[in-house]
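A quick write-up on the structure given underneath.
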Amino acid sequence: MDLKVIDNATCTFCGCVCDDIQLHADENRIHQAKKACVLGKAWFLNHTAERKYPDALIDGHEATLDEAIEAAADHLYKADMPLVYGMSNTTCEAQRECVEMADHLGGLLDSHTSL
Amino acid sequence: MTCTLGEVKNRADFIVYWGGNPAECHPRHFTKYTLMQKSRFLPRGRKDRTMVLVDIRETKSVKAADVFLQVRPGKDFELITILRAMIKDQPISDAQLAETGLTREQLQDFVTRMKAAKFGVFFFGMGLSMTRGKHMNSAALLTLAAELNAFTKFVAMPMRGHGNVTGADVIMRWQTGYPFGISFNRGYPRYNPGEFSTVDVLVRGDTDCNFIIGADPGATMPKPAIEHLASVPTIVLDPHVTHTSKLARVHITTAPAGISAPGTAYRMDEIPMPLRPALESPYPSDEEVVRRIKETILKKPDWMGERPQMLTSQVG
């Protein structure tokens, strides 16, 4: 089977953010991550495109994405002191949305840096 | 006072790792940026560079070092202060030296090497910034780097872990003026680590709703913080059902960044890198989900009323 080759892929496992990785992937998973270190290989090879988890969970029960977004917005809106935290394993674009959301909520905003 | 890893690769002939284990935590740091690369200014690569490791114990990184200085645990601040004095030829007592666990000869040799370097760099890890003294240790090391510039070129850079945590700092600085530990509850950003930083806030039980993205505090934080996460509504966005998801009221599965979600991530020297995802995910990206939650909140009446200084009016 032919694998799709992606040159100069970026690894976001550690702060080195190596941008010279060659990935060999089919539709479901990455088979090879050339030039990546042990940590990077594990990072790329352990994620698949399978539907391994439900779209969303509300109180432990499976739910749709739309329901979960409504529930999340309700909880955040009702709170007096909501906290937006983490933002490590995500993109800058998502981080920007988080900052704006925390601003609208009048809440707290923090990342791993403070640990 | 810092620089890019490209400058380190091309120019740094004296490299100090302080309180970190790059051989195991950043495996390609040596080969890609700091030690092994040859350049116009360092044509013999590793032979033209000197590497010093300062740590409390022997790790795998010791093998890569020319000099290993084993500092006594919790005495980094004292050691840095002594070095700051020694570069200015100020007297140091034997008792002060004994506290660090190092000898006068070792430190004199270190100081001579630092001053003789053409381009020196301190890479400091969590062994410095997260142990006794915390950010005061980092501040002391930055001061030492600044003061060494009276003799030669010297810079300092934190060794960041956790993927895009550097990006989080950069984005928060850009949007709010502060890098982390921010409160918007007066309608404008305020910065006060210790008061607004997550561990402290959770341990005190200050929040009544937690939104967790790209992190798993349920696996890493102290027990009182985890108990608080479970006691109020917590919302988790993650590619996996994590420890935190199991305590949470709402979990949303998202596409992993860089594997099936596109975007940007910052390298530890604050260089942004585009991501090239290899897989199509059945799940939406973090960006899309956060935007949709934000838009749902925005449809509700603003609890604060008129706000002329919103970030949206600055960056749309």
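Counting only alpha carbon atoms, the long axis of helix B:76-86 and the longest principal axis of chain B meet at about 40°.
Rg and Dmax over the alpha-carbon atoms of the range B:176-256 stand at 13.0, 35 Å.
The Kirkwood radius of the range B:1-128, taken over pairs of alpha-carbon atoms, gives through the Stokes-Einstein law at 10 °C and 1.306 mPa s a diffusion coefficient of 105 µm² s⁻¹. Treating each Cα of the range B:138-288 as an identical point scatterer and summing with the Debye formula, the log10 of I(q)/I(0) at q = 0.21 Å⁻¹ comes to -1.40. With all pairs of separate Cα atoms included, the range A:4-45 yields a Kirkwood hydrodynamic radius of 10.0 Å.
When the dipole is taken about the Cα centre of the protein assembly as shown, and only Lys, Arg (+1) and Asp, Glu (-1) are charged at their Cβ, what size is it in debye, to the nearest 20? Dipole size: approximately 1940 debye. Excluding same-chain neighbours fewer than eight residues apart, the aspartates and glutamates reachable from residue B:115 by a Cα-Cα span under 15 Å are B:13, B:89, B:147.
With protein chains left intact and a 1.4 Å probe, residues in the protein assembly as shown average 43 Å² of accessible area per residue.
Taken over the alpha carbons of chain B as equal point scatterers, the Debye sum produces base-10 log I(q)/I(0) values at 0.11, 0.12, 0.13, 0.15 Å⁻¹ of -0.84, -0.97, -1.08, -1.28. Students often forget the sequence filter, so: which lysines lie under 30 Å Cα-Cα from residue B:299 once same-chain residues fewer than 8 apart are removed? Leaving aside lysines fewer than 8 places away in the same chain, those within reach of residue B:299 are A:78, B:246. Under 37 °C and 0.692 mPa s, how fast does the range A:39-115 diffuse according to Stokes-Einstein, given a Kirkwood radius computed over C-alpha pairs? Answer in µm²/s, whole number. Rounded, D is 221 µm²/s. Pairs over the 18 Å Cα-Cα cut-off, from the set B:9/B:47; A:4/A:34; A:34/B:60; B:9/B:118; A:34/B:63: A:34/B:60; A:34/B:63.
Estimated purely from DSSP H runs of n ≥ 4, each contributing -39500 (n - 2.57), the mean residue ellipticity at 222 nm for chain A is -9500 deg cm²/dmol once divided by its residues. From helices alone, chain B scores -10000 deg cm²/dmol at 222 nm; the rule is -39500 (n - 2.57) for each run of n ≥ 4 DSSP H residues, then divide by the residue total.
Here the range B:148-281 is assigned +1 on the Cβ of each Lys and Arg and -1 on the Cβ of each Asp and Glu. Its dipole about the Cα centre then comes out at about 200 debye. Qualifying GluC sites (Glu not before Pro) in the range A:32-106, where qualification requires a DSSP coil assignment and no more than 11 other C-beta atoms within 10 Å, comprise A:50. In sequence order, the range B:203-217 has phi-based couplings of 5, 6, x, 7, 8, 10, 6, 10, 10, 10, 9, x, 7, 10, x Hz under the Karplus curve 6.51 cos²θ - 1.76 cosθ + 1.60, θ = phi - 60°, and Gly or Pro positions carry x.
By the Kirkwood approach, averaging reciprocal distances over each pair of separate Cα atoms, the protein assembly as shown gets a hydrodynamic radius of 23.0 Å. Taking chain B as a Gaussian network, where each spring joins two C-alpha atoms under 10 Å apart, which residue of B:190, B:132, B:292 fluctuates the most? Sorting by GNM fluctuation, first place goes to B:292. Surface composition of the range A:4-45: carbon plus sulfur atoms contribute 53% of the solvent-accessible area (1.4 Å probe, protein chains only, all chains present).
Taking the inverse of the mean 1/r over every pair of distinct Cα atoms in the range B:227-305 gives a Kirkwood hydrodynamic radius of 14.7 Å. Think of the protein assembly as shown as having a plus end and a minus end, set by charges on the Cβ of Lys, Arg, Asp and Glu; of B:229, B:50, B:260, B:50 sits farthest toward the positive end of this dipole. Counting only residues at least eight positions apart within a chain, or on another chain, the aspartates and glutamates with an alpha carbon under 15 Å from that of residue A:35 are A:7, A:19, A:20. Mean partner shielding of peptide B:25-32, defined as the number of other chain Cβ atoms within 10 Å of each residue Cβ, is 5.
The values are calculated or read from the model by the stated rules, or taken from the named source; none is laboratory data. No experiment lies behind these values; they were computed from the predicted model shown. As a convention, Cβ positions derive from the backbone with ideal geometry for all residues, glycine included, and neighbour counts pool all protein chains shown. Accessible surface areas use protein heavy atoms only, side chains included; no ligands, DNA or RNA. Shrake-Rupley method; radii C 1.70, N 1.55, O 1.52, S 1.80 Å.
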